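Here the structure is laid out as structure tokens; the discussion comes afterwards.
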């Protein structure tokens, strides 16, 4: 029996609710339900070989697979994350939904940016091509911010500044976010990306000012806040404020443990590994918390 409008709208609503739960729920708790939901959507597609709603079902599958990829990235399961991104991108392309395809390719680029900014930039070019010239302003602002971050990671300050300027021009024209985006892309979010870029370019004063602008305007979810706190901790370490830096990093680590976020815990480990100075009491205390996060 072919799927009908009720089936597709219900499946889409379930994915939306699951995505909103990500802010307060450990990825390990959400992932089984998301994968099961993806299986239901794929089964509906298999039963709807002749349905005019196949494109909508493919869009449902694409969004659900992209969310599954995000959850596995939070669990630091890179192989599974890439597999689900591929599933999502394939389904989005088959659905003919250019904005959804660009969103998923852009999400994969964001996932790859820290490890391989060159690959991220190539993917972002594909994302722009998929969205086309008529992409909503919020989508263009998001892609420009991701582009700026990739350039900053590659230590190309000029290209980073140009991309941030593009994001600022686009964000001034944004409105209600179009699906599959579920949160508006605002000036405060651009400021957050500007701060991240400044950290990677070794500009602590610029980074702190941009973080203040961003965090005064928006309240990120706890796991995302922990990642940002680790970035601020890195700035404090650059400035020689070691006790404050490791105190902030310890707070972020506690959030990672609370939400069982391997992504946050590994970011805290990277923060520690990048410091080779004397083991002050604040550093030793952080080491103990990091050890406890691994062995209890």
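Exactly one condition in (1) more than 20 Å from residue 153 (Cβ to Cβ); (2) crowded, with 22+ Cβ neighbours inside 10 Å is false for residue 179; which is it?
Of the numbered conditions (1) more than 20 Å from residue 153 (Cβ to Cβ); (2) crowded, with 22+ Cβ neighbours inside 10 Å, the odd one out for residue 179 is (2).
Do any helices (runs of 4 or more DSSP H) entirely within segment 85-154 hold 2 or more residues that are crowded, with 20+ Cβ neighbours inside 10 Å and free of Cβ contacts under 8 Å to residues at least 24 places away in the same chain, and if so, which? Quick ask: steps written out before the conclusion?
Values: elements: 98-112, 117-131, 137-153.
Counting at least 2 such residues, we get no helices (runs of 4 or more DSSP H) at all.
Say whether the condition of being out of contact with any helix residue (DSSP H, G or I) (no Cβ under 8 Å at 6 or more places or on another chain) and touching a residue at least 60 places away in the same chain (Cβ under 8 Å) is met by at least one residue in segment 5-22.
Yes; the residues of segment 5-22 include at least one that is out of contact with any helix residue (DSSP H, G or I) (no Cβ under 8 Å at 6 or more places or on another chain) and touching a residue at least 60 places away in the same chain (Cβ under 8 Å).
Anything in segment 271-287 that is surrounded by 12 or more Cβ atoms within 10 Å (Cβ to Cβ) and either under 24 Å from residue 78 (Cβ atoms) or not assigned by TED's automatic domain parsing to the domain that holds residue 241 (or both)? List them, or say none.
Hits for segment 271-287 are 271, 272.
Here are some residues: 116, 74. Which one is outside the structural domain of residue 172 (by TED's automatic domain parsing) and either touching a helix residue (DSSP H, G or I) at 6+ places or on another chain (Cβ under 9 Å) or within 28 Å of residue 170 (Cβ to Cβ) (or both)?
74
From the residues in segment 196-206 that are assigned to a helix (DSSP H, G or I) and modelled with pLDDT of 90 or more, which one is surrounded by the fewest Cβ atoms within 10 Å (Cβ to Cβ)?
Among those that are assigned to a helix (DSSP H, G or I) and modelled with pLDDT of 90 or more, it is 206.
Residue 193: under 25 Å from residue 217 (Cβ atoms) and either in the same structural domain as residue 238 (by TED's automatic domain parsing) or surrounded by fewer than 23 Cβ atoms within 10 Å (Cβ to Cβ) (or both), yes or no?
The answer is no for residue 193.
The values are calculated or read from the model by the stated rules, or taken from the named source; none is laboratory data. Computed from a predicted model, the values in this text were never measured in an experiment. Every residue, glycine as well, gets a Cβ built from its backbone with ideal geometry; the counts of neighbours run over all protein chains shown.
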